[in-house]
Amino acid sequence: MSSPIVTAKQLEVQRIVDVLSKAIAQHRLRPGTRLVEAQIVETLQANRNHVQVALQRLAMQRIVTIEANRGAMVSQPSAQEAREVFTARRAIERAIVESITPTIMHKQRERIARHMANERKATSATDRRVIVRELSEFHLLLGNICGNSVLSEILANLMVRSSLIVALYQRNDVPSCASDEHQHIITALEAGDQAKAIAVMLEHLDELEAQLTLEDTVTPEVNLKDALAGL
Ligand SMILES: [Zn+2]
């Protein structure tokens, strides 16, 4: 992902994209939240033009929806789109798991151990945002270590969209990923048993999708400044 020339503008746009993506992934900004340019400019100390470019980029990724005369808001994926995102995740995460060799697992063992410890710590506590972040981080970690940056980039987008989908359609408010399923995937990958790791991953994704009630919902207004504070 190294491009020869990275300008200050590109870096700044990426910073805004990252903060907004993070806020959306962590449910600080829920689906349907209006993204008022002036508020983002003020809260993130950013240039208006950079904010506009960042919002356009997020719109291309389907994370933000821009409507003529109404401005930008956090996307509200339809039930159909939700199913499509899960179908795409099954394909992408299967390919990711397939690419992770025992050698990679060995090289990355400290990073993986650190993540699994953070995940256990999060799920044994009650801070929902931290739980959501850590569970999602597991999937992103596999994407990051698999050695294929295209798969990793596609997954990063699908994970933010999954987060929107969970915010809209999850039946209960309890985070969905079970940590022991994650551990089973790790154990299988360490043993070089890709077939087992793929089977557990696909079953895991099926379960996540099964926890959703794929009907249309409406969400209340959220204070943008509060949601972005401290990121
Ligand atoms: Zn999971």
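The values are calculated or read from the model by the stated rules, or taken from the named source; none is laboratory data. Note that the coordinates shown come from a computational prediction; the quantities given were computed from them, not determined experimentally. Cβ placement follows ideal geometry from the backbone for every residue including glycine, while neighbour counts extend to all protein chains displayed. Accessible surface is based on the protein model in full, side chains and every heavy atom, while ligands, DNA and RNA are left aside. Shrake-Rupley method; radii C 1.70, N 1.55, O 1.52, S 1.80 Å.
Some notes on this structure:
- For the chain, the relative contact order is 31 percent, taking Cα pairs closer than 8 Å that sit 6 or more residues apart in sequence and dividing their mean separation by the residue count.
- Two-site FRET efficiency, Arg83 against Arg48, from Cβ-Cβ distance with R₀ of 25 Å, rounded to 0.05: 0.10
- Portion, in percent, of the accessible area of the chain that falls on carbon or sulfur, probe 1.4 Å: 51
- Across segment 40-124, C-alpha contacts under 8 Å between residues 6 or more apart give a mean separation that, scaled by the residue count, equals a relative contact order of 11 percent.
- Sorting the segments 40-49, 126-135 by their residues' average number of neighbouring beta-carbon atoms within 10 angstrom, most packed first, yields 126-135, 40-49.
- √(5λ) per eigenvalue of the Cα gyration tensor, the chain, largest first, Å: 30, 21, 16
- Computed over the alpha-carbon atoms, segment 56-180 gives an Rg to Rh ratio of 1.00, Rh here being the Kirkwood radius from the mean inverse distance.
- Each label was represented as a point 7 Å from its Cα along the Cα-to-Cβ direction; for Leu231 and Lys196 these points are 3.9 nm apart.
- Met73 contributes about 20 Å² of solvent-accessible surface, heavy atoms of the protein only, 1.4 Å probe.
- Anisotropy class of segment 23-120 from Cα gyration tensor, a/c 1.5 cut: prolate
- If R0 is taken as 22 Å, the Cβ-Cβ distance between Arg129 and Arg15 corresponds to a FRET efficiency of 0.60.
- The residues of the chain have, on average, 52 Å² of accessible surface per residue, using a 1.4 Å probe with all protein chains present.
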